[in-house]
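**Student:** I am attaching a structure below and will ask some questions about it afterwards.
The values are calculated or read from the model by the stated rules, or taken from the named source; none is laboratory data. Computed from a predicted structure; not experimentally measured. Here Cβ is always computed from backbone atoms with ideal geometry, including for glycine, and neighbour counts include all displayed protein chains.
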Amino acid sequence: MDILATERLRLRTVTLDDATFYHTLVNDPAFIEHIGDRGIRTLEQARESVRDGPIAMQVQRGHSLYVVELKDEGRPIGMCGLIKRSTLDGVDIGYAFLPAGRQQGYALEAARGVLAYAPALGLRRVLAITSPNNIASNRLLLKLGMRFEHFTHLTPEDAGSNLYSIEVGAY
């Protein structure tokens, strides 16, 4: 199901047919470095993760991570969307892009679209977390107009994340 479109991108819900793309994305070295190793090594594990993650969240909450495709090619280049984590006191925006989708403004374009869509879901405030050493992601969140709140640990064993927020009614 299509969720939104921007000038160059289409964002749609994830399906089980996206397992190969998802497998590639979560095993990208930059994903592992900045987001974490999900331990997804097979296509079957990718299918299970897609089913139990974005597909289930979309059904339960009406939002999730979305596949970001190039409009003119229909090729998936990343994911961007809204996530509800048990470790955060609110919904956060998340994104990850394959190497071919980086450094071209796609993440900024997709994230702006998602933030503009958030009020339609009844959201007034959106959070974001990122690794302090992920310079590109920290810059992107500031470009989006998000405000740094504080450094936080999502779990006791977590190395720590920068926490940002934005009032989406003001976006």
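**Student:** Being more than 14 Å from the chain's Cα centre (by Cα) and within 27 Å of residue 116 (Cα to Cα) narrows it down to one of 62, 78, 39, so name that one.
**Tutor:** 62
**Student:** Filter region 68-123 down to residues that are within 22 Å of residue 57 (Cβ to Cβ) and hydroxyl-bearing (Ser, Thr, Tyr) and give me whichever is surrounded by the fewest Cβ atoms within 10 Å (Cβ to Cβ).
**Tutor:** 86
**Student:** Then there's this: Determine if region 90-99 includes at least one residue that is touching a Pro at 6+ places or on another chain (Cβ under 8 Å), under 25 Å from residue 1 (Cα atoms), modelled with pLDDT of 95 or more and among the charged types (D, E, K, R).
**Tutor:** no
**Student:** Checking residue 92 against (1) part of a helix (DSSP H, G or I); (2) within 16 Å of the chain's Cα centre (by Cα), which test does it fail?
**Tutor:** It fails just one condition, (1).
**Student:** Do we find that residue 163 is within 15 Å of the chain's Cα centre (by Cα), over 18 Å from residue 80 (Cβ atoms) and surrounded by 13 or more Cβ atoms within 10 Å (Cβ to Cβ) in this structure?
**Tutor:** Yes.
**Student:** Taking the condition in contact with a Lys or Arg (Cβ under 7 Å, 6 or more places away or on another chain), surrounded by fewer than 20 Cβ atoms within 10 Å (Cβ to Cβ), in contact (Cβ under 8 Å) with a residue 12 or more places away in the chain and not polar (S, T, N, Q), does residue 62 pass?
**Tutor:** Criteria not met by residue 62.
**Student:** Just wondering, is there one or more residues in region 97-110 that are among the aromatic types (Phe, Trp, Tyr) and in contact with a Phe, Trp or Tyr (Cβ under 9 Å, 6 or more places away or on another chain)?
**Tutor:** So far as region 97-110 goes, yes, one or more of its residues are among the aromatic types (Phe, Trp, Tyr) and in contact with a Phe, Trp or Tyr (Cβ under 9 Å, 6 or more places away or on another chain).
**Student:** Taking region 134-148 on its own, how many of its residues are outside any helix (DSSP H, G or I) and surrounded by 15 or more Cβ atoms within 10 Å (Cβ to Cβ)?
**Tutor:** Matching residues across region 134-148 total 3.
**Student:** Testing residue 13 on (1) closer than 28 Å to residue 152 by Cα; (2) without any contact (Cβ under 8 Å) to a residue 60 or more places away in the chain; (3) surrounded by fewer than 20 Cβ atoms within 10 Å (Cβ to Cβ), one condition comes back false. Which one is that?
**Tutor:** Residue 13 satisfies all of (1) closer than 28 Å to residue 152 by Cα; (2) without any contact (Cβ under 8 Å) to a residue 60 or more places away in the chain; (3) surrounded by fewer than 20 Cβ atoms within 10 Å (Cβ to Cβ) except (1).
Results for (1) part of a strand (DSSP E or B); (2) of a type in the set (Phe, Trp, Tyr); (3) touching a residue at least 24 places away in the same chain (Cβ under 8 Å), shown as yes or no for each residue.
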residue: 107; (1), (2), (3): no, no, yes
residue: 113; (1), (2), (3): no, no, yes
residue: 128; (1), (2), (3): yes, no, yes
residue: 132; (1), (2), (3): no, no, yes
residue: 150; (1), (2), (3): yes, no, no
residue: 154; (1), (2), (3): no, no, yes
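**Student:** Right, another one. Given the structure, is residue 78 over 23 Å from residue 154 (Cα atoms), part of a strand (DSSP E or B) and either of a type in the set (Gly, Ala, Ser) or modelled with pLDDT under 95 (or both)?
**Tutor:** Spelling it out, residue 78 is indeed over 23 Å from residue 154 (Cα atoms), part of a strand (DSSP E or B) and either of a type in the set (Gly, Ala, Ser) or modelled with pLDDT under 95 (or both).
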